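Comments concern the structure below.
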Amino acid sequence: MLPPAPLPVPAKPRRALVALLPLLAVACARVQAAPEEPPAAPAAAATALDAEAATSSRACAACHPAIYAEHMANTHGLAFVDEEARLATRDFKRENCVRCHTPRPIAETGLGMVPIERRHDLEEGNTCMSCHARTGYDYGHFRGGAECRVAFEENVGTVESCATCHRIAGTPEQWEHAMKGKRAGSQCVDCHMPLVERPVAVGMAPRPVRAHVFPASRSESQLRRAYRYRARIEGNEVVVTITNAGAGHNFPTGSIQRALESDVTIRDAQGNEVASSRAVLKVPYLSATGLALPRSAQIPSAQSREHRVPIPTASGTVECRLFFKRYYPIEDGHPTLSRRLECQSIPFSGISPSTHVALVPLGAPPGLPEVSPAEAARPDGLAKYAQLPPGTPSVAIPEGDAPEDIERLVAILEFPVPGARVIARRRLAELGTKAVPALVEALGHWSDETRDQSMELLLEIGDPATAPLVKALADDRLYVRYHARMVLARMHPGGDVRAEVRETLVRDLARPHPLDRRSAADALGGLGDPAAAPALRPLLEDPDRDVVASAAQALGRLDDRASVPAMEAALRRATFVESRRDLAAALATLGSAAGVPALLEGLDYPDDLIRKSIFDAFFEVTGLHESYDPDAPRLTRLEALARLQSAWAREGASCLRRPPTVDPEADERAWRMVE
C-alpha cells in the first residue's frame, strides 16, 4: 500500500496577513459601526472557531490590523526567531529560556509565575493570547466583536504582568527603586507602549490606544532617550561621562548579554595610537567559584559612570566612541547586534603626559534594600532574589539545619553567584530528608531557576522524597502538582508507590486545567507503564494542542499500537507544524508510516530551528540521513531531501524504528563536557 499523500505544511505566520486580506476587506466595510461599541466580528471570522484558531495572533488581525502589524515586528512577536535570543540561549537549549519566548497565557499559571512554554505556533513568539488571554475562558466558540469586552485579562499591561517574564532579569526590581521609575510614578507601558491616536479596532472611532511596538534595545530613538553622553579632556585625562538620564531602570538592563561599551583611543600628533581603553558597562560575567556578590557596572536610573583614560602624549587626538550591544561579546561592526551611538574626535596640545593607568568604571556594591527569602519567593513580588543587607560583600552559606537555615539555602538557588549556588545545593543534598519539605514547596516557586534546581535535588535525595512528592500531586497549587509529576516520572518508583502514582496521574488526565492534563500525560509516558494507555487515548481529541502532543508522545513511549487510528486522525486535524511533527514522530514510533511524508515535507520548512527539530524526529524514527544538513544552503538541502525521498520510497515502513533511549542526566553531563 502506498503511503498517504503528504499533508500541507502551514504557511509561515509572518506571511499569514496575506491570507487575512479577505477578512480585512469585510472588516473595513463596517466603518459605520457606532464608535462606543466594538464592531461585530467580520463575517468570515464570525463562524465558530476551535480554540486553536481563536487563540492564534493571526485571528486578531482581522479586527486589529495595526496592532497585529506591530506585533509581527516587535520584540515579543519575534521572541522565538530573534537572532540574539537564539545565540544567547544555544537555540533555546539553555535552561528554560524558551518559557518566556513562546509562553502559554501568563494568566493561565498566574501573574508573576514564569510561564510554561507553548509547544506549537512557535514562530509567533509571545502571541496576543500570551498576555491577553483570560483564565478559564472558553475560546472554542469565541467570535470577537462585543465579546472582546469580557474575554480578556484585565490586568494586562501592569508592572506585575510584565514582571511575569521580566522579573528573571531583574528589571522590575530596578524599576521599583529607580528615580525615573516607580519613584517618578512611571509604569512600564509609559515608555514601551506609548499612546497613539487611532481606532482600537476596525470600524471604531479613533481614541488614545497603546501602541504595540515595544521600543527598547532595538530602537535607536529609545536608546538615545535613555542616556546622556559627554566626552572631554580634564588636565591630562580623557573623561567620558555616561548618565542614565531617561530609563526607569538600569541602563542597560535585562539579559546578561546586554552591554554598553565606551571606547577611547588616543593618537599622537603623527597619528600613531599611543593608548586605548574600553569600559564595558553591563551585568558582569559571574564567577563559578567565588562567593562575592557581583559589582554590576550597569548605570542605575539618574546616575552616571565615568570612564577616565590618562593621556601619555603632549599633543594629538582623542577618539571617543560609544556602542550599545545586544549581545556581548560581539564585534563593534556587527550589522544587527551592535549599534554605534556616539563618535567624537577631540584634538589636544600642550598637555603634560600622564603615566597613570586608565580607570575603568566599576559598579557600586549591592545597595538595594534587604529582601527576605519569603518575600523574594512571593509571586506578586518584584525582587529577583533575597537581597542581602546593603554593603554585604559576599554570600554566607548557612551551616545549620533549622527551618530558617534551609529556607535561606533554598533562596540562594536564585542568587546570581554560581559558587554560592553550588555550595547551597551541596548542603541541601547533605541535609536530605530535612530539606525535602522546603524543596517540595520550592516546586511552586515563581522562578524556573529555583524550581529546576529543587527538582534536581529531590531526584538526588531519592527515596526519602517520594512520599512527599506523591502527596504534592494533590496540592492546590498548579506548579507544585506540575513539577511533582515531572520529578516522579524521572524517579521511576516501584511497587505499590508506582501503582499509586499511575492511578493518580490517570485521574489527573481528566482535570480541567490543560497543564494538569499535559503534565500528567508527560509523566505517564515517563513512567513507562502500558496500563495507562487506555486513559491516554481520549486526549488525542483534546482541544489543547499541547495536550494532544503530550498524549501522542506518551502513547508512543508506551508502544500502544491500538492508538494508531486515533493518532492518524489527530494528525489529519493538526495545522501547526510542531503539532504535526510530534504526532508524525509518535506514529512512526508505533510502526505507522502515516506521518513520515509530513516529516519529509517539513525538512524544507523555512525556520531553521524548527527544521532541525523535524530532522531530529525524522532521523530518530527512520535512521535515514543521506547527508542532509538542516543548516546547509537551501539548494544543498533540497538535493539531500530528494535523496531522502527516494530512500523512503524505496524502503518505506521497513526502516521505521523505535528511537534510542537516552538518559537525560547522561546527556546533560555530556553536553556540559562538550561546552
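The values are calculated or read from the model by the stated rules, or taken from the named source; none is laboratory data. In this text the structure is predicted, and so the values were computed from the model without any measurement. Neighbour counts run over all protein chains shown; Cβ positions are idealised from the backbone, glycine included. What goes into the accessible areas is simple: the full protein's heavy atoms, side chains included, and nothing from ligands, DNA or RNA. Shrake-Rupley method; radii C 1.70, N 1.55, O 1.52, S 1.80 Å.
A few comments on the model shown:
- Phi angles of the stretch 517-534 translate, via the Karplus equation with coefficients 6.51, -1.76, 1.60 and θ = phi - 60°, into HN-Hα couplings of 5, 5, 6, 5, 5, 4, 5, 5, x, x, 5, x, 9, x, 5, 7, 4, x Hz per residue; Gly and Pro are given as x.
- As an equivalent ellipsoid, the stretch 199-248 spans semi-axes of 41, 9, 7 angstrom, where each value is the square root of five times an eigenvalue of the C-alpha gyration tensor, largest first.
- Solution diffusion estimate, µm²/s, Stokes-Einstein, the chain, Kirkwood Rh from C-alpha pairs, 37 °C, viscosity 0.692 mPa s: 118 µm²/s
- Accessible area of the chain belonging to carbon and sulfur atoms, whole % at 1.4 Å probe: 56 percent
- Estimated vicinal HN-Hα couplings, Hz - the stretch 129-144 in sequence order (Karplus 6.51, -1.76, 1.60; Gly, Pro = x): 6, 4, 9, 9, 4, 9, 4, x, 7, 8, 8, x, 10, 5, 10, x
- Each of the peptides 449-455, 460-466, 278-284 was scored by the mean count of other Cβ atoms within 10 Å over its residues; in descending order, highest first, they stand as 449-455, 278-284, 460-466.
- In the stretch 473-533, taking the dipole from charged Cβ atoms about the Cα centre, the farthest positive-side position among Ala521, Pro493, Ala532 is held by Ala521.
- Around Ala510: net Lys/Arg minus Asp/Glu count, Cβ-Cβ under 15 Å: +2
- Over the stretch 427-486, the reciprocal of the mean inverse Cα-Cα separation, the Kirkwood hydrodynamic radius, stands at 11.0 Å.
- Sequentially through the stretch 434-451, phi angles give Karplus couplings (6.51, -1.76, 1.60; θ = phi - 60°) of 4, 8, 4, x, 5, 6, 5, 4, 5, 4, x, 5, 5, 9, 5, 5, 5, 4 Hz, Gly and Pro residues having no value and appearing as x.
- Per-residue packing, averaged as other Cβ atoms within 10 Å, sorts the ranges 568-578, 288-298, 499-509 into the order 568-578, 499-509, 288-298, beginning with the highest.
- Ranking Ala247, Ala133, His625 by how far each Cα lies toward the positive end of the dipole of the chain (charges on Cβ) leaves Ala247 at the top.
- Per residue, in Å², the accessible surface of the chain once ligands and nucleic acids are set aside, probe 1.4 Å: 44 Å²
- Charge-dipole axis of the chain as Lys and Arg at +1 and Asp and Glu at -1 on Cβ define it, positive-most pick from Pro105, Ala69, Gly462: Ala69
- About the Cα centre, charge dipole magnitude for the chain (Lys/Arg +1, Asp/Glu -1 at Cβ), debye: 1300 debye
- Degrees between helix 577-589 axis and first principal axis of the chain (Cα, 0 to 90, nearest 10): 50 degrees
- For Leu341, the amide hydrogen comes within under 5 Å of the amide hydrogens of Leu322, Phe323, Phe324, counting only partners 5 or more places away or on other chains and with H modelled in the peptide plane.
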